[in-house]
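Written below as structure tokens is the structure these notes are about.
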Amino acid sequence: MLEFPRWKIVSLSLLLFFGALVSIPSLLPGQMRDYWPSFLPQETVNLGLDLSGGSHILLEADPEDVRAQNMENMEENVRAALRNANPRIEIGNISHENDTLSFLVRDVNKVDAAREEIQRFTNGVGLTGQRDWNVEVRDTTRFVLTPTDAGVDEALDQAMNTATEVIRKRIDEMGTREPTIIRQGDERIVVQVPGLDDPEALKELLGKTAELEFKLVDATADPNNTAAGQANIGSQVFPYAEGAGFDGQNEAVIRLGGIKGDSLTDARQAFDPQTNEPVVTIAFDSEGGRKFAKLSTENVGRRFAIILDGEVISAPSFNEPILGGTAQISGNFTVESANQLAIALRSGALPVELQVVEERTVGPDLGADSIEKGLIAGLIGTVAVLAFMIAVYGRFGVYANIALILNLFLILGIMAMLNATLTLPGIAGFILTVGSAVDANVLINERIREERRAGRRIIQAIEVGYKEASRAIYDANITNVIAAILLFLFGSGPIRGFAVVLLIGICTSVFTAVFVTRMFVAIWLKNKRPKELVI
């Protein structure tokens with residue numbers, strides 16, 4: 001067990017050297033970091049919101065918005081299903097009243113067929129035994145569809161879960177690292193982004209629903225009625241977005257049909273090859289591309305409106321069929337606004353509109369004080385541990401101390417390579433690792449003492465000490481690893497930061513305490529061949 005061939009010594013030495021090298025940029029002050037050679041590792045540990053400052057935003061959704069979307073989606077599904085039924089089922093007298101959707105089936109003999117088609121769009125809600133929609137038939141041919149409370153609650157829960165993931169994607173696209181994004185209650189989402197210098201850009205990006213729609217312009221609409229916000233039956237009026245070139249004007253579009261942006265697969269900021277103006281190019285999936293090709297083929301010469309978050313950004317014409325599954329959005333963009341729109345579209349539309357109800361900017365003063373006190377605590381703890389190990393175990397204590405220092409470098413290096421974030425609880429985990437890192441060496445050294453007292457020779461005592469103590473070390477630390485993994489999986493924000501440092505620290509401390517110190521001891525035994533062992 002104490003045999004260490006040259007290749008193993010070289011490998012371990014290179015690994016330790018690389019870990020220390022990667023950790024150095026995180027230890028350098030910002031100004032000195034500028035002089036760090038570019039060909040060396042540049043990764044640094046990110047500081048969390050509580051250490052570096054940043055933006056804290058609380059977003060809130062409106063449940064009524066979810067109800068309205070559910071109602072519109074159900075109406076569109078019902079229309080499409082009954083229109084495509086074989087034979088076709090004619091309906092009429094569609095109305096929305098008191099949070100219900102009702103319509104009349106014109107042929108009484110098709111009521112049962114209509115019910116079967118509609119039931120396909122209702123689902124059970126968890127284990128409640130309820131469905132998300134109640135379907136009733138009144139007066140022989142009138143269908144009344146009512147969303148249940150359980151169905152609305154489930155729809156809101158799904159919308160908020162989706163919104164959380166969309167927000168995470170958008171923030172990641174901005175290049176920020178380790179944001180804290182968690183749900184608060186049923187209708188709110190907390191967003192914390194450390195080190196963000198432009199909170200207004202964050203608010204604008206997160207507040208943008210990015211719901212993109214392509215709808216045909218209602219060519220029969222009266223311009224005066226459109227200007228007054230009045231639409232024909234089956235149509236609706238949208239205002240032009242600010243900066244679109246038609247400030248204060250409206251556009252009437254056909255309400256149902258068209259294409260939604262949920263079938264987008266990509267969105268990028270680009271430049272128009274003819275005007276060199278910033279635009280956004282988008283790409284559809286196969287189904288979306290097929291629908292867009294069908295829409296453009298059947299409506300060559302007609303205008304269509306590109307609607308983003310309830311505002312028309314442009315209303316060009318289909319000059320020819322668009323068959324490639326790609327399109328271009330123009331609308332008096334700047335490079336920055338086009339890039340933000342591309343990020344929002346690429347990350348997906350928010351399923352529900354979110355309003356900023358609370359905003360705080362956290363300064364770095366508290367973080368600087370926490371870092372300073374954390375460093376003082378860590379330094380005092382480290383010095384005390386180093387002194388204790390040398391006083392109690394002599395040469396073996398020196399080896400344990402070297403392993404402890406290397407362990408600290410390895411933790412920082414691994415965190416830097418993983419782009420992990422160090423938070424205030426993370427500092428606590430770091431200091432905890434310092435205290436527990438030598439536990440393994442205490443077990444090993446005490447076991448070696450026992451073996452020497454039992455009469456074993458030096459090499460035998462050391463070999464048995466490492467072998468037997470390693471079992472206890474692995475058993476004890478496996479339970480700690482399980483606890484750290486569970487903290488990371490089920491915790492959030494600062495708890496996850498603590499778990500990351502703890503998990504990395506456990507793995508590196510076992511590695512340095514068992515393997516690195518054993519290498520030092522093996523080299524010492526080989527070179528000195530001592531006749532007495534003082535430990």
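The values are calculated or read from the model by the stated rules, or taken from the named source; none is laboratory data. In this text the structure is predicted, and so the values were computed from the model without any measurement. Glycine also receives a Cβ, built like all others from the backbone with ideal geometry; neighbour counts cover every protein chain displayed.
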Item to complete: From the list V500, V464, pick out the single residue that is under 30 Å from T164 (Cα atoms), among the β-branched types (V, I, T) and part of a helix (DSSP H, G or I).
Response: V500
Worksheet item: From V501, V516, V442, which residue is under 33 Å from the mean Cα position of the chain (by Cα) and of a type in the set (V, I, T)?
Response: V501
Worksheet item: Mind checking which pairs have a first residue in segment 307-321 that is in the same structural domain as Y240 (by TED's automatic domain parsing) and a second that is part of a loop (DSSP other than H, G, I, E, B) and hydroxyl-bearing (S, T, Y), Cβ under 7 Å, 6 or more apart or different chains?
Response: D309/T209; S314/S330
Worksheet item: Picking from S38, S52, S95, which residue would you name as being surrounded by 17 or more Cβ atoms within 10 Å (Cβ to Cβ) and not aromatic (F, W, Y)?
Response: S52
Item to complete: State the number of residues belonging to segment 69-113 that are among the small types (G, A, S) and either assigned to a strand (DSSP E or B) or more than 24 Å from G258 (Cα to Cα) (or both).
Response: 4
Item to complete: Please list, ordered by first then second residue, the pairs with beta carbon atoms under 6 Å, 6 or more apart or interchain, first in segment 507-527 and assigned by TED's automatic domain parsing to the domain that holds G465 and under 19 Å from V464 (Cβ atoms), second modelled with pLDDT under 85 and surrounded by 18 or more Cβ atoms within 10 Å (Cβ to Cβ).
Response: M519/F4; A522/F4
Worksheet item: Out of E43, E60, which single residue is closer than 27 Å to P194 by Cα and touching a helix residue (DSSP H, G or I) at 6+ places or on another chain (Cβ under 7 Å)?
Response: E43
Worksheet item: When you go through (1) polar (S, T, N, Q); (2) modelled with pLDDT of 85 or more; (3) not in a helix (DSSP H, G or I) one by one for N445, which number turns out not to apply?
Response: (3)
